[in-house]
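Q: Before anything else, here's the structure in question.
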Amino acid sequence: MERQVTAAAGRAAPGTPQRTSRGRRLTLLKVAAEPYLYLSPALILLSLVMFVPLVIGIGYAFQKLSLTDPFDRGWAGLDNFRTLAGDRHFWRALTNTLWWTMGSLFFQFFLGLGLALLLNRRFAGRRLVQALVFLPWAVPTFLSGLTWAWLFNPLIGPLPHWMAALGILSEPYNILADPDIAMWGPIAANVWFGIPFFAITLLAALQSIPKELYEAAAMDGATAWQMFTKITLSFLAPMIAITVLLRTIWIANFADLIFVMTGGGPANSTQIVASYIFTTAFRRLDFGYASAIAIVLLALLLAYALVLLSMRARLVRV
Amino acid sequence: MAEIELRNIAKSYGDVEVLRDVNLTFDDGEFVVLVGPSGCGKSTLLRMIAGLESITGGEIAIGGAVVNDRPPRDRDIAMVFQSYALYPHMNVARNMGFSLEIRKEDKALIRERVALAARTLGLSDLLERLPKELSGGQRQRVAMGRAIVRDPEAFLFDEPLSNLDAALRVEMRIEIARLHQELQATMVYVTHDQVEALTLADRIVVMNRGRIEQVGTPLELYESPANLFVATFIGSPKMNVVDCTADERGVHLPGGGIFCPEAWSPDFRPARLGVRPEHIDLTAGGQGDCCGWAEVVERLGSDTFVYVNVDDWGGMVARQSGNAPINPGDRVGLHFDPAQARLFDNAGTALYASETNRA
């Protein structure tokens, strides 16, 4: 780039003032356009696979587009959203999404953090354990969902019997069949599935903290708890913010486990927004309404991401 | 402020013994430098005093109380690390006041103490900055500020200047000396740089392979080294050491000359003769205790270093003050100062005429 500029300037120098300024303008244009040329393959690809479908999806949300009623098509305005506001199932799914996401995230994060802190200590066979910890992450969702569903089944699984013995359940029955507590089944499976992600990312962040800082803090008189809060957590904060953000979005959209374990039932008690969208679009074949739900979910998650990212910007000082 | 006592200190990692039989007392207000080649155990010893390394054997007492089982935070000692170990997420003021913050001191008091320390170290304008926005020298100052804010029983320095460039190192060395005069605190300083040791220390502890070779004031170590290791470690360029034989008249030099040091005793059976470069006088021509050819001449203005290839012997360095009229290729005679030449026996122990001569 630099060479081009100097070469152009060198060429233009002996010419008339007019030609010089035109030549310079052309050079400037070239310089300005160059980065976009390099970026263009990625930009074109991204817009093809993300931007175009997004715009089309947003367009669907404002149309009547149900395959069960193919002749009643056309512009619907805000009708879909109006229906949505009064849709009991949607509000139920939104509440369920909140429980599902927060419940899974809370346990995944704290158990993952604990595991990371344990794995950060020296002990024999640490490398092996570190590798094994990653295992649940490698199991296909479908398989783990099925396995957990079986574990909760009192005919073949031990969990209901254990919970009954501990007094959590009055008798060993399948919690996936109880609308009041069915959600905890998929949450348990999701916690098991998601701990490794937090453990490994937080472990990586833990290992990047210089050891001398703990020694300096020890000399400064810090207790173990003070070291944890004032050094470890300060260093982990940016990583925590970004992983929590990512996981929230993933979990909120993560209907696979629920689909395999309960199919949204019993009586919609485990239906989350993502699975509701899926059901609406591909069971009831109402694409317009499904798109409207999807846009509401997108807006909620975007708002959440903005809040968390601005928090992160304040946390990152290192 | 307090005195620190080390009694029969030993340290081993598994089967590897890194320190043994270390007995030392650092007096109240004394500046002691631990010096030695890398791997000699000096940093380990310092970290044991700090409480960052466990003690395998012996006792460490600070202000009379044995602290072996006390964690660092109960020893009331401040330490300046080689890497400074500043908290990167805290600004200078919070870095310096962290020890007080931890003790939940009053905010106004912290601010006052930090401001005072910052003024001492010339950091007043930088209090709001983060460590990454500071130069190496400034970070070094913050690390020292963090130590002095606390007013601890003693200060430990672990090679604090080794990450600085040469000019800054001299500047900070003077700063540390000034700080010691001002605070009159017990300071233990680890370095492998003998210039730092000689300039800063009230007393120097020379260590080698986990043992103490000699303890003494800088001049004692320079003038009366206890053994060959200390003799060659202290002083720059280092002492010339030559294998020799002797009879009752004196030391036989190559080329047939006999040299008799001032402190000569006929009972000595020296195996080596040591002469510092500054104790060799060069004359043109072939007259002297021994002779050779000047190979390389380094002129520093204040001094001239002459590398002489001595006949039947090998290389020796001589230091002449000012600009000596000697050029490479000249034939020179070497005169050893009889008062300053040192003799060592087979085991490397220095030979002195009587115990009174020795430190």
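Q: With springs only between Cα atoms under 10 Å apart, run a GNM on chain A and tell me which of A:197, A:278, A:71 wobbles the most.
A: The residue with the greatest mean-square fluctuation here is A:71.
Q: Still on this structure, I have one more. In chain A, which whole DSSP H runs stretch at least 24 Å along their own axis (Cα) and average 0.5 or higher on the Kyte-Doolittle scale?
A: Sorted by number, the helices that extend far enough and score high enough are A:88-119, A:184-207, A:233-252, A:287-315.
Q: Moving on. Based on the mean of other Cβ atoms within 10 Å per residue, sort peptides A:252-265, B:326-339 so the most packed one is first.
A: Numbers: A:252-265: 21.1, B:326-339: 16.1.
Taking the mean over residues of other Cβ atoms within 10 Å, the ranking is A:252-265, B:326-339.
Q: If you don't mind, another one. Charges at C-beta only: +1 for Lys and Arg, -1 for Asp and Glu. How large is the resulting dipole of the protein assembly as shown about its Cα centre, in Debye rounded to 20? Don't skip to the end; give the middle numbers.
A: Details: 61 positive and 65 negative charges, 821 e Å.
The dipole magnitude comes to about 3940 debye.
Q: Also, I was wondering about something else. Please give the length that would be gained between residue A:249 and residue A:69 if that part of the chain were fully extended, namely 0.36 nm times their separation in residues minus their C-alpha to C-alpha distance (nm, one decimal). Intermediate results must be reported in sequence, preceding the final value.
A: Details: separation 180, 0.36 × 180 = 64.80 nm, distance 3.31 nm.
Residue separation times 0.36 nm, minus the Cα-Cα distance, leaves 61.5 nm.
Q: Given segment A:86-317, report the % of alpha carbon pairs whose separation exceeds 33 Å.
A: On the way: 7763 of 26796 pairs.
So the pairs more than 33 Å apart make up 29 percent of the total in segment A:86-317.
Q: Sticking with this one: Would you mind telling me which residue in A:116, A:281, A:165 has the biggest mean-square fluctuation in a Gaussian network model of chain A, where springs connect alpha carbons within a distance under 10 angstrom?
A: Fluctuation is largest for A:165.
Q: Put +1 on the Cβ of every Lys and Arg and -1 on every Asp and Glu Cβ in the protein assembly as shown; which of B:66, B:285, B:320 then has its Cα farthest towards the positive end of the dipole?
A: Toward the positive end, the furthest listed residue is B:66.
Q: Further question: Count, for each residue of B:86-96, the Cβ atoms from other chains sitting within 10 Å of its Cβ, then give me the mean as a whole number. Kindly include the intermediate steps, with their values, before the conclusion.
A: Numbers: counts 3, 9, 8, 11, 5, 1, 0, 0, 1, 2, 0.
Per-residue shielding by partner chains comes out at 4.
Q: Still on this structure, please answer the following. By count of other Cβ within 10 Å, fewest leading, how are B:289, A:69 ordered? Kindly include the intermediate steps, with their values, before the conclusion.
A: Working: B:289 21, A:69 11.
Lowest count first: A:69, B:289.
Q: To continue, here is another question. Per residue, how big is the convex hull around the C-alpha atoms of segment B:268-335? Give it to me in cubic angstrom, could you?
A: Dividing the Cα hull volume of segment B:268-335 by its residue count gives 82 Å³.
Q: For segment B:270-332 and segment A:89-140, write down the distance between their C-alpha centroids in whole Å.
A: 74 Å
Q: So how strong a dipole does chain B carry about its Cα centre when Lys and Arg Cβ are +1 and Asp and Glu Cβ are -1, to the nearest 20 debye? Walk me through the numbers before you get to the answer.
A: On the way: 37 positive and 51 negative charges, 264 e Å.
Dipole magnitude for chain B comes out near 1260 debye.
Q: Please sort B:314-323, A:298-307 by packing, taking for each peptide the average over its residues of neighbouring beta carbons within 10 angstrom, highest first.
A: Values: B:314-323: 16.2, A:298-307: 12.7.
The densest-packed peptide leads the list: B:314-323, A:298-307.
Q: Select from A:27, A:141, A:68 the residue whose mean-square fluctuation is largest in a Gaussian network model of chain A (Cα-Cα springs shorter than 10 Å).
A: A:27
Q: Can you give the charge dipole size of chain A about its Cα centre, rounded to the nearest 20 debye, using +1 on the beta carbon of Lys and Arg and -1 on the beta carbon of Asp and Glu?
A: Values: 24 positive and 14 negative charges, 335 e Å.
Roughly 1600 debye, rounded to the nearest 20.
Q: Give the Debye-formula value of log10 I(q)/I(0) at each listed q (0.18 Å⁻¹), with one equal scatterer per alpha carbon of segment A:187-318, two decimals each.
A: -1.04
Q: Here's something else I'd like to know. For chain B, take N as its residue count and report Rg(C-alpha) divided by 2.2 N^0.38 Å.
A: 1.18
Q: Summing +1 for each Lys or Arg and -1 for each Asp or Glu, what net charge is found among the other residues whose Cβ lies under 13 Å from the Cβ of residue B:136? All intermediate terms of the calculation are to be shown ahead of the outcome.
A: Working: positive: B:132, B:139, B:141, B:169; negative: B:133, B:165, B:171.
Once positives and negatives cancel, what remains is +1.
Q: Something else: If each Cα of the protein assembly as shown is one equal point scatterer, what is log10 of I(q)/I(0) from the Debye formula at q = 0.06, 0.08 Å⁻¹?
A: -0.64, -0.89
Where a number appears in this text, it was derived from the coordinates with a stated rule and is not lab data. All of these numbers come straight from a predicted model, not from anything done at the bench. Because the Cβ atoms are built from the backbone with ideal geometry, glycine has one as well, and the counts that use them run over all protein chains shown.
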